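Heads up, the thing below is written out as C-alpha cells.
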Amino acid sequence: MTQQTILVIGSGGREHALVWKIAQSPLVKQIYAAPGNGGTAALATNVPIPAHDVAGLLAFAQEKGVDLTVVGPEDPLAAGLVDQFQAAGLAVFGPSQAAAQLEASKAFAKQFMQEAGIATAAYQTFTDFETAVATVRQQSGKLVVKASGLAAGKGVIMCPTPTEAEAALRDMMLDQAFGAAGQEVVVEEWLEGPELSLLAFCDGRSVVPMLPARDHKRAYDGDQGPNTGGMGVYAPPPDVDESLIATITRTVLEPTVRGMAERGTPYVGVLYAGLMLTAEGPKVLEFNCRFGDPETQVILPMLTSDLVAIMWACIDGRLTPDLVQRRPGACATVVMAAPGYPGSYPKGLPISGIDEAESLADVLVFQAGTAVTGAGQLVTSGGRVLAVSGVGDGLATAVNRAYEGVAHIHFDQAHYRRDIGR
Ligand code: AMP
Ligand code: GLY
C-alpha cells in the first residue's frame, strides 16, 4: 500500500494525541492538522482552516489528495462533514450527520435508548416552557435539566429542588442561555454513583471497546468548584473489571450500533458512552460521537495497535477485537489550565519546560490551548493549556509520572488539580 496523507480536524489536546498516535503508523507519510495547535505543529503541518469550515476543509482535502480525514470535535460531525466528504468520494473516520444525532440531540438519544431498551435515567422532553414548568412543579425529587442541542459540554444543570429546575428551564428556554441548543430540553432523574467513560470503535455493525476511563470534571481538588471540560482522567479505574465492560458492551454499546443500523443510519467511528454505575447497574448519561478530551490523552498512550489500521477497518466494515490491542498497566493525565479557567483567563503566557517533561521516561505532553508566536515562543492561547500523561504498571505509578512531568512545566499561575487518580 502506498503511504497515506492524513488530515486531522480540531485544535485540542485530543487532536495532538491523535496526531501523535497517527504519526507512529507505518501507513502514513504526511499529516495535516486543521487548525491544529502548538503541539501538532511538531508532527504535522498546521493549516489555518477552522474545524467548522466544512467547505474549506473539503476543498483542502481534495487539493492535497488527502487519503483519510479524522474528525476530532463534534460540531463538524453534527454539521454533516462526513456526508459531504463521502459524497465527494473521500474517506473519513466519524459518524454521518444522522448517526451523530446521538450526541447532537439529547432528545433523539433518549428516545433512541428507550426504543432500543438501553438503561438510562427516566426523562421527559419539552419544547414549551409552560408545560415544562408545570411538569417540574409536580415533582419533589432532584432533577437534571439539559439543553437538547450541542452546548460545548455546558448545557447540563443539576437541580437539587424543583425551584432550581424551574430557574434552569427559564435560563434555557426563555433567556436562551445556550442559544438554539436550549429550545428543546430534557428533564431527567438525578442518578447516583461513580461515573465511567467507555469509548468504542464501531464499523456500523461491530463494536470494540477501548480502555475504560474516569474523568475529573470539577475545577478544584476534592471535586469542588465549577464544571470544566475535564481537569484530568485516569484509565482503567480500579473498580472496573472485565465483566463490567462486557456487561456495558452487551447492554449499551452493541444495542446502540444494532439500533442505528436498523434505522438505516449505521454508526461508524468512535461511540463514547458516558455512564453512571448505579446500584441498579450501568445507565447511560449521554452519548458522544467522537473521542473524548482528555480521555484520548490516556487511551491512545495505552493502545499498542496501529490507529490508522483500526480506522480503516471501521470505514471498511471489517473491525475485529484483535485489531485493538493495548499494553497492560494504567495511564493518567493531568490538565494544566490558565489561571481563571473555566471563567475568563489571560492568553499569551509564555510556557517553558515541555522539553524537560517530555524527556522523562513514560511521560507525554499533549498541548491544547497553545500557540507559537512570531518570535518562536510557545505561549498559552486557551483555557485548558496542555495535558501531561504518565504511563505505568499501575495507577499509582502512572499518576506519579504525570505529576513529575507537571513539575517541569511552567507558565504564570498555572492551575491544575493535585488529586487526579488519587
Ligand atoms: P452529560 O453531558 O449529559 O454527560 O452531563 C455532564 C455531567 O452531568 C455528567 O458527567 C454527570 O456528572 C452529570 N449528569 C448528567 N446527567 C445526570 C443524571 N441524570 N444524574 C446525575 N448526574 C448527571
Ligand atoms: N471529557 C468529556 C468529553 O470529551 O466530552
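The values are calculated or read from the model by the stated rules, or taken from the named source; none is laboratory data. Not measured: the values here are computed from a predicted model. Here Cβ is always computed from backbone atoms with ideal geometry, including for glycine, and neighbour counts include all displayed protein chains.
Computed quantities for the displayed model
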{"item": "Sole residue being crowded, with 22+ Cβ neighbours inside 10 Å, more than 10 Å from ligand 1 (Cβ to nearest atom) and modelled with pLDDT under 90, chosen from M172, M113", "result": "M172"}
{"item": "Unique match (being under 20 Å from the mean Cα position of the chain (by Cα) and free of Cβ contacts under 8 Å to residues at least 60 places away in the same chain) among A51, A87", "result": "A51"}
{"item": "Those strands (runs of 3 or more DSSP E) lying entirely in the stretch 195-292 with at least 1 residues within 28 Å of A402 (Cβ to Cβ) and away from ligand 1 (no atom under 14 Å from the Cβ)", "result": "195-203, 207-209, 214-220, 224-235, 268-278"}
{"item": "Flag for P95 being free of Cβ contacts under 8 Å to residues at least 60 places away in the same chain and on the phi < 0 side of the Ramachandran plot", "result": "no"}
{"item": "Count - residues of the stretch 202-235 that are touching a Leu at 6+ places or on another chain (Cβ under 9 Å) and either within 16 Å of ligand 2 (Cβ to nearest atom) or small (G, A, S) (or both)", "result": "9"}
{"item": "Qualifying strands (runs of 3 or more DSSP E) (wholly inside the stretch 367-422; at least 1 residues being surrounded by fewer than 17 Cβ atoms within 10 Å (Cβ to Cβ) and hydroxyl-bearing (S, T, Y))", "result": "none"}
{"item": "Matching residues in the stretch 175-194 - criterion: being within 16 Å of ligand 1 (Cβ to nearest atom) and among the aliphatic types (A, V, I, L, M)", "result": "A177, A181, V185, V186, V187, L191"}
{"item": "Enumeration of residues in the stretch 175-189 that are assigned to a strand (DSSP E or B) and surrounded by fewer than 18 Cβ atoms within 10 Å (Cβ to Cβ)", "result": "E189"}
{"item": "Unique match (being outside any loop (DSSP other than H, G, I, E, B), of a type in the set (D, E, K, R), more than 16 Å from ligand 2 (Cβ to nearest atom) and on the phi < 0 side of the Ramachandran plot) among E192, E166", "result": "E166"}
{"item": "Qualifying residue in the stretch 305-327 (condition: in contact with a helix residue (DSSP H, G or I) (Cβ under 7 Å, 6 or more places away or on another chain), more than 20 Å from L244 (Cβ to Cβ), within 16 Å of ligand 2 (Cβ to nearest atom) and of a type in the set (G, A, S))", "result": "no"}
{"item": "Tally, over the stretch 88-110, of residues that are farther than 20 Å from D203 by Cβ, away from ligand 2 (no atom under 16 Å from the Cβ) and modelled with pLDDT of 95 or more", "result": "3"}
{"item": "Hits in the stretch 55-67 - residues which are under 26 Å from L102 (Cα atoms) and buried (at least 22 other Cβ atoms within 10 Å of the Cβ)", "result": "L57"}
{"item": "The stretch 1-48 - residue that is of a type in the set (G, A, S) and free of Cβ contacts under 8 Å to residues at least 24 places away in the same chain and, of those, surrounded by the most Cβ atoms within 10 Å (Cβ to Cβ)", "result": "A23"}
{"item": "Qualifying residue in the stretch 125-143 (condition: away from ligand 2 (no atom under 16 Å from the Cβ), buried (at least 16 other Cβ atoms within 10 Å of the Cβ), among the aromatic types (F, W, Y) and at pLDDT 90 or above)", "result": "no"}
